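Below you'll find the structure, written out as structure tokens, and then a few comments.
The values are calculated or read from the model by the stated rules, or taken from the named source; none is laboratory data. In this text the structure is predicted, and so the values were computed from the model without any measurement. Here the Cβ is made from the backbone with ideal geometry for all residues, glycine too, and neighbour counts use every protein chain on show.
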Amino acid sequence: MTTSIRKIPAIKRFLVGDVAKRMVATGIVILAFIIGLNVLAPYLTPNKPTGARADGQLFRPFQEPSKDHIMGTNDIGLDIYTRVLYGGRVPLLVATFSTLFALLLGVPLGLLSGYLGGFLDKLISLIMDSLFAFPGLILAIAITAMIGPSILNTAAAIAVIYVPVFFRVVRSQVLSIKELLYVEAAKSIGESTLSIVFRYILPNTIPGILVILSMGFADAILIEAGLSFIGLSTVVPPDASWGLDVAIGRNYLLSGSWWIITFPGIMLIFATLGFSLISEGLNDLMNPKLSE
Amino acid sequence: MTLKAYIITRSLLALPMTIFLLSVVFIIVRILPGNPIDLILGPHATPEMKTILAQRLGLDIPIYLQYLHYIAGVFQGNLGKSMHTGIPISQEILQYFPNTVVLAVAAMFVALAIGIPLGVLASQRFSKTEDIIVRLFGATVYVIPVFWLGMILQLVFGVYLRIFPVAGIGPLPSKSLTGLYILDFLLVGDLQGFAKSISYLVMPAFTLGLIISGVFMRLTRTYMVETMRQDYTVAAVSRGLRKQTIIYKYALRNALLPLVTMIGLEIAGLLAGAVLTEVTFSWPGLGTYLVSRIGLRDYPAVQGCIVFFAVIVIVVSFIVDLTYAYLDPRVRL
């Protein structure tokens, strides 16, 4: 019969555990590569960050990938390879700010709500559950459309989606941690509530927070790109951003200019994959239940 | 708690949730920086123009009255009038929404058709090569931007191979009976039109379906691994039943229950994905409506559309909870 109902031998357990570690490692390598490209961009291309020539002149537009332009040129004659190198800065920056905002709001709320319980907990949970149920992208579209896109505004709009995610994960962990003996002990020696929550409970929620953090990065990159696609781009041409370039390429699909959308899209996938592999791997390492 | 009591408690919970979400929309549209009047009229507007527009939009009264008017309006199904067309927004939404439903249902079908078999396969080959490949597939489809996948499919199957139409919804039936055009084709007996509209539906539905299939794949795998370890499955094995019988009649049936709830919870993700898919394929649904009205700065329409999405989410989560409570009495405890 299948192995899944037999007790799985130790060697298999090791293999599965290893998959999780390999996922995290692969994710880190992908991210290091992407961040490396963005940091080293000035050394990897002679062109300007917008993709124009070093003297500011444009190239011939709509060139297919060739020896001169390995990823071709776009509709106004900017080098796509250069734009791909520099195009990660905006999404990565937006993702960093948005997860940071969400973390700073969601984690303390989750800690206090879970620890204190009572009416306050019920109220905050109801609010967070309502926000959580709402389609994140649509919320981000609404907010960005009203306050206008910019790195901080877009980051704030995306953060609103992730506050309840941090909140829920932290709160549910606090609910079980606060029953543990060492918390009891801290209470008995007269530690203040704030000290118990932040010094005793918070450190034990960090692994869970890390999983959400890297998932948040992945989602933020996708949402930033999605906003760019529907015309709420964080930056305007000729500034480079992967999502913006995919959006621009849409206008030239029918003429078959595949290279305009393909390369920035692949970079988006890589960056998101890096973060989501880390998140997935960490999650497996923390919940070995399914890997037993 | 009886089922009836549960329904009442759950309904009472839906009300504050509705009010809260409506308030969030109100805060976004009316209170956040970025005044709609300035956005609509631009920087060179005279104060008189601003006053007139404020009156037209009902923005000249105190903010708490605006809030009360707005909440009362929503509960009466009144979302205001579009600034662009002058037509009541609820009427416009109901015109676009059925197309979104068609796309979403088709995409859900694709997602389940891909996700469940792959999930079963992964669980049967647990921690072997197939399992790892399926999991990688699930992780990868999740991170592909839906609009990018859509455009690549448009390029390959629409522009180069010319198998499917690049974009659009295709011809509409001669008569609108149910509002769902695909159903209407069948009802008026226009099979040719039906086939044609399916050819327009294939690519958008596959795009959106593939992206969300990862979620179902992962869940099926998890639940199948769990149910295959249960005593009754082990008992079935020891009775010498065929492997296929055990998988499909014993394990999958029980693994499907949590999946039903997941389908409901995925509606939110489906709607969000539908917005981008619709824009990619110029599909005349609610997402395209929302995005085009953002471009036209038709703020009442944008607000109405978001409110409508909020209401759908609340109604769906209500139905899901009731279904689950009905199927699994422990929820009601």
Exercise. Which condition does B:PHE185 not pass, out of (1) more than 10 Å from chain A (Cβ to nearest Cβ); (2) at pLDDT 85 or above, if it passes all the others?
Worked result: (2)
Exercise. What residue, among those in the stretch A:173-196 that are hydrophobic (A, V, I, L, M, F, W, C) and within 24 Å of A:PHE132 (Cα to Cα), is farthest from the other protein chains (Cβ to nearest Cβ)?
Worked result: A:ILE177
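Conditions (1) among the basic types (Lys, Arg); (2) buried (at least 24 other Cβ atoms within 10 Å of the Cβ); (3) modelled with pLDDT under 85, marked per residue:
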position	(1), (2), (3)
B:ARG239	yes, no, no
B:THR245	no, no, yes
B:TYR250	no, no, yes
B:ARG253	yes, no, yes
B:ILE263	no, no, yes
B:ILE267	no, no, yes
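Confirm whether B:SER90 is within 24 Å of B:LEU177 (Cα to Cα) and either touching a helix residue (DSSP H, G or I) at 6+ places or on another chain (Cβ under 6 Å) or surrounded by 13 or more Cβ atoms within 10 Å (Cβ to Cβ) (or both).
Numbers: within 24 Å of B:LEU177 (Cα to Cα): yes; either touching a helix residue (DSSP H, G or I) at 6+ places or on another chain (Cβ under 6 Å) or surrounded by 13 or more Cβ atoms within 10 Å (Cβ to Cβ) (or both): yes.
Judged against the criteria, B:SER90 is a match.
One line per residue, one yes/no per condition, for (1) under 27 Å from B:GLY295 (Cβ atoms); (2) without any contact (Cβ under 8 Å) to a residue 24 or more places away in the chain; (3) assigned to a helix (DSSP H, G or I):
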| site | (1), (2), (3) |
| --- | --- |
| B:ILE7 | no, no, yes |
| B:ARG10 | no, no, yes |
| B:ILE19 | no, no, yes |
| B:PHE26 | yes, no, yes |
| B:LEU39 | yes, no, yes |
| B:ASN78 | yes, yes, no |
Seminar exercise, completed: Being assigned by TED's automatic domain parsing to the domain that holds B:THR277, in a helix (DSSP H, G or I) and among the hydrophobic types (A, V, I, L, M, F, W, C) narrows B:LEU53, B:LEU65, B:LEU103 down to just B:LEU103
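Pick from B:ARG242, B:ARG293, B:ARG218: which is within 14 Å of chain A (Cβ to nearest Cβ) and in contact with a His (Cβ under 9 Å, 6 or more places away or on another chain)? Spell out how you get there, then give the answer.
Working: B:ARG242 fails: in contact with a His (Cβ under 9 Å, 6 or more places away or on another chain); B:ARG218 fails: in contact with a His (Cβ under 9 Å, 6 or more places away or on another chain).
Within the list B:ARG242, B:ARG293, B:ARG218, the selection yields B:ARG293.
With the structure loaded, tell me whether B:VAL311 is surrounded by fewer than 20 Cβ atoms within 10 Å (Cβ to Cβ), under 15 Å from the mean Cα position of the chain (by Cα), more than 8 Å from chain A (Cβ to nearest Cβ) and part of a helix (DSSP H, G or I) or whether it fails that test.
Working: surrounded by fewer than 20 Cβ atoms within 10 Å (Cβ to Cβ): yes; under 15 Å from the mean Cα position of the chain (by Cα): yes; more than 8 Å from chain A (Cβ to nearest Cβ): yes; part of a helix (DSSP H, G or I): yes.
Yes, satisfied.
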For this session: Kindly indicate whether any position in the stretch A:113-123 is over 30 Å from A:ASN153 (Cβ atoms), hydrophobic (A, V, I, L, M, F, W, C), touching a residue at least 24 places away in the same chain (Cβ under 8 Å) and not in a helix (DSSP H, G or I).
Result: no
Problem set entry | Residue count, the stretch B:180-221 (criterion: touching a residue at least 40 places away in the same chain (Cβ under 8 Å) and in a helix (DSSP H, G or I)) | 22
Exercise. When you go through B:LEU259, B:LEU270, B:LEU276 one by one, which is the residue that is of a type outside the set (Gly, Ala, Ser), closer than 18 Å to B:ALA113 by Cα and touching a Pro at 6+ places or on another chain (Cβ under 9 Å)?
Worked result: B:LEU270
Problem set entry | Residues that are under 15 Å from B:VAL24 (Cα atoms) and either in contact with a His (Cβ under 7 Å, 6 or more places away or on another chain) or hydrophobic (A, V, I, L, M, F, W, C) (or both), drawn from the stretch B:62-78 | B:ILE63, B:LEU68, B:ILE71, B:VAL74
Seminar exercise, completed: Of the residues in the stretch B:188-211, those that are modelled with pLDDT under 85 and among the charged types (D, E, K, R) come to B:ASP190
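Identify, please: which residue in the stretch A:65-83 is surrounded by 24 or more Cβ atoms within 10 Å (Cβ to Cβ) and touching a residue at least 24 places away in the same chain (Cβ under 8 Å) and is, among those, nearest to the chain's Cα centre (by Cα)? Explain how you work it out, then say what you get.
We begin by selecting, within the stretch A:65-83, every residue surrounded by 24 or more Cβ atoms within 10 Å (Cβ to Cβ); these are A:73-74, A:78-80, A:82-83.
Adding the requirement that they be touching a residue at least 24 places away in the same chain (Cβ under 8 Å) leaves A:74, A:78-80, A:82-83.
Details: A:ASN74: 27, A:LEU78: 28, A:ASP79: 27, A:ILE80: 24, A:THR82: 23, A:ARG83: 21 Å.
Among residues in the stretch A:65-83 that are surrounded by 24 or more Cβ atoms within 10 Å (Cβ to Cβ) and touching a residue at least 24 places away in the same chain (Cβ under 8 Å), the one nearest to the chain's Cα centre (by Cα) is A:ARG83.
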Exercise. Mind checking which pairs have a first residue in the stretch B:142-159 that is at the interface with chain A (Cβ under 7 Å from one of its Cβ atoms) and closer than 23 Å to B:MET217 by Cβ and a second that is assigned to a loop (DSSP other than H, G, I, E, B) and of a type outside the set (Asp, Glu), Cβ under 9 Å, 6 or more apart or different chains?
Worked result: B:PHE147/A:ILE230
Exercise. Is it the case that the stretch B:230-248 has a residue that's part of a helix (DSSP H, G or I) and within 29 Å of the chain's Cα centre (by Cα)?
Worked result: yes
Exercise. Mind checking which pairs have a first residue in the stretch A:245-268 that is basic (Lys, Arg) and a second that is part of a loop (DSSP other than H, G, I, E, B), Cβ under 7 Å, 6 or more apart or different chains?
Worked result: none
Exercise. Looking at the stretch A:212-255, which of its residues are hydroxyl-bearing (Ser, Thr, Tyr) and assigned to a helix (DSSP H, G or I)?
Worked result: A:SER214, A:SER228, A:TYR252
For this session: Look through the stretch B:264-287, keep the residues that are under 17 Å from A:ALA225 (Cα atoms) and polar (S, T, N, Q), and return whichever of them is nearest to the other protein chains (Cβ to nearest Cβ).
Result: B:THR280
Problem set entry | Lone qualifier among B:GLY58, B:GLY86, B:GLY80 - being away from chain A (no Cβ under 13 Å), on the phi > 0 side of the Ramachandran plot and modelled with pLDDT under 80 | B:GLY58
Exercise. In the stretch A:246-289, how many are more than 7 Å from chain B (Cβ to nearest Cβ) and closer than 30 Å to A:PHE166 by Cα?
Worked result: 18
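Every residue, every condition in (1) more than 10 Å from every other protein chain (Cβ to nearest Cβ); (2) within 27 Å of B:PHE309 (Cβ to Cβ); (3) more than 13 Å from the chain's Cα centre (by Cα), yes or no:
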{"residue": "A:TYR86", "(1), (2), (3)": "yes, no, yes"}
{"residue": "A:LEU93", "(1), (2), (3)": "yes, no, no"}
{"residue": "A:GLY106", "(1), (2), (3)": "yes, yes, yes"}
{"residue": "A:LEU109", "(1), (2), (3)": "yes, yes, yes"}
{"residue": "A:LEU120", "(1), (2), (3)": "yes, no, yes"}
{"residue": "A:PRO135", "(1), (2), (3)": "no, yes, yes"}
{"residue": "A:ILE138", "(1), (2), (3)": "no, yes, yes"}
{"residue": "A:ILE147", "(1), (2), (3)": "no, yes, yes"}
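Can A:ALA102 be described as in contact with a helix residue (DSSP H, G or I) (Cβ under 8 Å, 6 or more places away or on another chain), modelled with pLDDT of 95 or more and closer than 30 Å to B:VAL315 by Cβ? Break it down stepwise before answering.
Details: in contact with a helix residue (DSSP H, G or I) (Cβ under 8 Å, 6 or more places away or on another chain): yes; modelled with pLDDT of 95 or more: yes; closer than 30 Å to B:VAL315 by Cβ: yes.
For A:ALA102, the condition - in contact with a helix residue (DSSP H, G or I) (Cβ under 8 Å, 6 or more places away or on another chain), modelled with pLDDT of 95 or more and closer than 30 Å to B:VAL315 by Cβ - is met.
Please count how many residues of the stretch A:139-155 are closer than 21 Å to B:LEU22 by Cβ and in contact (Cβ under 8 Å) with a residue 40 or more places away in the chain.
Counting residues in the stretch A:139-155 that are closer than 21 Å to B:LEU22 by Cβ and in contact (Cβ under 8 Å) with a residue 40 or more places away in the chain gives 4.
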